[in-house]
């Protein structure tokens, strides 16, 4: 992670904020994570998330949330918006809880 | 978000071999854990994907491995069992070569050609196919230069029940027709690149009179193919940190084998394409240097590249693209510029315009050395090795052998007796047209001029202009 970028929120119940923060950190963007809406596209001005940055964010969230992301769902999914990513992380948490 | 249907069960589970894994390393070595510096970050690609969406191009485990800060990364048991079909690979002393040279040096070679792909590439294609299959991917695509990587991925894909499509650089496709047959044998679909199957291939065919193709183009075709085909992913054979990690089984085994002989190499040499053969051989030996375990005696690790594709010895340390797709991240690496047109040398696996960011950083920080040799000298040493050791090396491997010969002759002349380890990364049984050209005096050395280099450097992206 880069110096000067936002810390990941620590409240476990604020999952969307954690996801938004992780995406901003790995996209090396200076945008305010709170300004990202669910419908913000992943190639918005000042916030372009390429594939490897997206995957690094997933790894960071795995550590942060102590969860294993759903690999098969990941391979089958195309992500267009920030909301898509949040929904995926929530689905991974639900899958983990079912195990 | 859009999702594809769930994948069917993979064949892998049904075809697990039961093989004795004695002697196969239990873990790969991640040099990232011991680096005294941070790697420069990747930068966003020059252009966004057409629809702005993002898909996971890699299984998460490969991403974890590419950023691993733990030195020892356990090798999955199923991968070790596959490795055990030809590993540990032999380490031999090249006494015939030593006698011929009259050298006081001791030359050891680690031979990686003893599998059906004929090269070290199977060391990473197996774990890659394993992780892709576990992630539910049904098909992989790739670009291949000399054909060794394409063959290795074809084999590994077949092991784990996934389909494989290979784009093979046109000149190699023509020079090595039986490489294609071996890939077909393992079920792969093989196309000469530039092909008419992709936009990037069609553009190249329309705009370029150069019908030879190149690896960056073949990779771009494979990337485009995977992007437009459901549940397909692009696999890369060298250069990525995880592929170098997988190749460290070479150096780990060699270190154990030399330890058993009471030897510790003074010099380690390996050829340089994008970096996985070199990194896989050298990094386990650099571990002692980086962690202070060698008492300051520091092994010399020498990268050997073609004089006609001199990325480390004459390139620049700059951000560049890793292929022609334009949609992959920019990496800081030693590069000639992605527009560099490599002369039609026979070591197809060493024609890549750049080398990996990991190897590049080590060179930048003075931890490894680099040399470059013209192909006529390389083939002379390759032929000498065949005649004295009874093993025909791939042209890529002959580069490393030539460097070992140079070091052994220098030691003889200076009255020293170093132990030299050379990685013979593959056999040259598909390279007879190259050896024929050498033996008949038809082989020539292309000269890369400063003007050639300046023109290629002009193709480097201007980082300040890269959108963030």
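Of all residues in the stretch A:74-96, those satisfying the criterion of being part of a helix (DSSP H, G or I), within 8 Å of chain B (Cβ to nearest Cβ) and at pLDDT below 90 are A:75, A:76.
Listed residues B:279, B:293, B:239; which is under 17 Å from the mean Cα position of the chain (by Cα), within 29 Å of residue B:39 (Cβ to Cβ) and part of a loop (DSSP other than H, G, I, E, B)?
Result of the check over B:279, B:293, B:239: B:239.
Residues in the stretch A:32-43 that are part of a loop (DSSP other than H, G, I, E, B), within 13 Å of the chain's Cα centre (by Cα) and more than 9 Å from chain B (Cβ to nearest Cβ): how many?
The total comes to 4.
The criterion of being more than 14 Å from chain A (Cβ to nearest Cβ) and closer than 12 Å to residue B:272 by Cβ holds for residue B:355. Restricting attention to the stretch B:87-115, report how many residues are under 19 Å from the mean Cα position of the chain (by Cα) and over 17 Å from residue B:256 (Cα atoms). The qualifying residues number 3.
Looking only at the stretch B:66-83, decide whether some residue is within 15 Å of residue B:397 (Cβ to Cβ) and either in contact with a strand residue (DSSP E or B) (Cβ under 6 Å, 6 or more places away or on another chain) or surrounded by 24 or more Cβ atoms within 10 Å (Cβ to Cβ) (or both). For the stretch B:66-83, residues within 15 Å of residue B:397 (Cβ to Cβ) and either in contact with a strand residue (DSSP E or B) (Cβ under 6 Å, 6 or more places away or on another chain) or surrounded by 24 or more Cβ atoms within 10 Å (Cβ to Cβ) (or both): absent. If you go through the stretch A:44-53 one residue at a time, how many are assigned to a helix (DSSP H, G or I) and touching a helix residue (DSSP H, G or I) at 6+ places or on another chain (Cβ under 7 Å)? Of the residues in that region, 1 qualify. Restricted to the stretch A:52-73, and to residues there that are within 12 Å of the chain's Cα centre (by Cα) and facing another protein chain (nearest Cβ under 8 Å), the residue that is surrounded by the fewest Cβ atoms within 10 Å (Cβ to Cβ) is A:62. Residues that are in contact with a helix residue (DSSP H, G or I) (Cβ under 6 Å, 6 or more places away or on another chain), touching a residue at least 24 places away in the same chain (Cβ under 8 Å) and in a helix (DSSP H, G or I) do not occur anywhere in the stretch B:315-334. Which of the residues belonging to the stretch A:55-73 are touching a residue at least 12 places away in the same chain (Cβ under 8 Å) and part of a helix (DSSP H, G or I)? Selection gives A:56, A:57, A:58, A:60, A:61, A:64, A:65, A:73. Regarding residue B:33, is this residue out of contact with any helix residue (DSSP H, G or I) (no Cβ under 8 Å at 6 or more places or on another chain), modelled with pLDDT under 85 and outside any loop (DSSP other than H, G, I, E, B)? No; evaluated as a whole, the condition is false for this residue. Summed over the stretch B:53-83, the residues that are more than 14 Å from chain A (Cβ to nearest Cβ) and either over 13 Å from residue B:127 (Cα atoms) or modelled with pLDDT under 95 (or both) give a count of 2.
Scanning the stretch B:385-437 for residues that are out of contact with any strand residue (DSSP E or B) (no Cβ under 6 Å at 6 or more places or on another chain), closer than 17 Å to residue B:95 by Cα and part of a strand (DSSP E or B) yields a count of 0. Which number in (1) surrounded by 19 or more Cβ atoms within 10 Å (Cβ to Cβ); (2) away from chain A (no Cβ under 13 Å); (3) closer than 27 Å to residue B:320 by Cβ marks the one condition that residue B:33 misses? All conditions pass for residue B:33, except number (1).
The values are calculated or read from the model by the stated rules, or taken from the named source; none is laboratory data. Predicted, not measured: the structure shown is a model, and the values here were computed from it. Here the Cβ is made from the backbone with ideal geometry for all residues, glycine too, and neighbour counts use every protein chain on show.
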